[in-house]
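**Student:** Pasting in a structure now, in structure tokens, and then I'll have a few things to ask.
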Amino acid sequence: MSDLRDLYQEVILDHNRHPHNFGELDGADRHADGHNPLCGDRLAVYVNLDGETISDVSFLGSGCAISKASASLMTDAVKGKTLPEARRLFEEFLALVTDEGAVLDDARLGKLAVFAGVRDYPTRVKCASLAWHTLRAAVDDRHEVVSTE
Ligand code: ZN
């Protein structure tokens, strides 16, 4: 089990050092800002839509390793997904990080499963979920800054 934990940490550290889809999308269809005051994480999420499909997604921001790695893995996970698929993944991710008894589809979660470990650290749940809350605000076209508080 500790090997698995090391592997998970490795994935998070790697995405923190080399985040995927990092940067602003020029002329993005949707955009939202998120803030986690508890930790100081700030993220902006940019989305391009092709009908109901997320054709491109990126993020910018600064924060702890968990918030950045989560944003990086989130962009990989939702790119090419339809909005209903992305919403379902958002709900599954929240269940993953908050609900010990949740029955989840590991195949669909893929690498997102590395965040199961944050369940034991309630303050870290906000770091891990910030990118997802911000994505949801972007696709819902809400413009106020999303706060985890
Ligand atoms: Zn954080």
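**Student:** From the list 67, 55, pick out the single residue that is of a type in the set (Ser, Thr, Tyr) and within 16 Å of the ligand (Cβ to nearest atom).
**Tutor:** Of 67, 55, the one residue that is of a type in the set (Ser, Thr, Tyr) and within 16 Å of the ligand (Cβ to nearest atom) is 67.
**Student:** If you don't mind, another one. How many residues does the stretch 51-110 contain that are out of contact with any helix residue (DSSP H, G or I) (no Cβ under 8 Å at 6 or more places or on another chain) and basic (Lys, Arg)?
**Tutor:** Selection size over the stretch 51-110: 2.
**Student:** Check the stretch 91-99 and report whether any residue there is farther than 18 Å from residue 18 by Cβ and of a type in the set (Gly, Ala, Ser).
**Tutor:** Yes, the stretch 91-99 contains a residue that is farther than 18 Å from residue 18 by Cβ and of a type in the set (Gly, Ala, Ser).
**Student:** Another question about this same structure. What are the residue pairs meeting all of these: first residue in the stretch 86-111, first residue among the hydroxyl-bearing types (Ser, Thr, Tyr), second residue surrounded by 12 or more Cβ atoms within 10 Å (Cβ to Cβ) and not in a helix (DSSP H, G or I), Cβ atoms under 8 Å, and 6 or more apart or on different chains?
**Tutor:** none
**Student:** Related question: For residue 44, state whether it is touching a Gly at 6+ places or on another chain (Cβ under 7 Å) and either closer than 27 Å to residue 82 by Cα or free of Cβ contacts under 8 Å to residues at least 12 places away in the same chain (or both).
**Tutor:** So residue 44 fits the description; yes.
**Student:** For the structure I just gave you, tell me whether residue 38 is within 16 Å of the ligand (Cβ to nearest atom) and open to solvent by 60 Å² or more (accessible area, probe 1.4 Å).
**Tutor:** On the way: within 16 Å of the ligand (Cβ to nearest atom): yes; open to solvent by 60 Å² or more (accessible area, probe 1.4 Å): yes.
Yes.
**Student:** On to the next question. Among the listed residues 42, 5, 88, identify the single one that is among the basic types (Lys, Arg) and in a strand (DSSP E or B).
**Tutor:** Going through 42, 5, 88 in turn, just one is among the basic types (Lys, Arg) and in a strand (DSSP E or B): 42.
**Student:** Consider only pairs whose beta carbons are under 7 Å apart and that are at least six residues apart or on different chains; among these, list those whose first residue lies in the stretch 52-77 and is touching a residue at least 60 places away in the same chain (Cβ under 8 Å) and whose second residue is hydroxyl-bearing (Ser, Thr, Tyr) and in a helix (DSSP H, G or I).
**Tutor:** Within 7 Å, the pairs are 57/75; 59/75.
The values are calculated or read from the model by the stated rules, or taken from the named source; none is laboratory data. Everything quoted here is computed from the prediction, not taken from an experiment. For neighbour counting, all protein chains shown are included, and Cβ atoms are generated from backbone atoms with ideal geometry for every residue, glycine included. Surface accessibility is based on the protein's heavy atoms, side chains included, excluding ligands, DNA and RNA. Shrake-Rupley method; radii C 1.70, N 1.55, O 1.52, S 1.80 Å.
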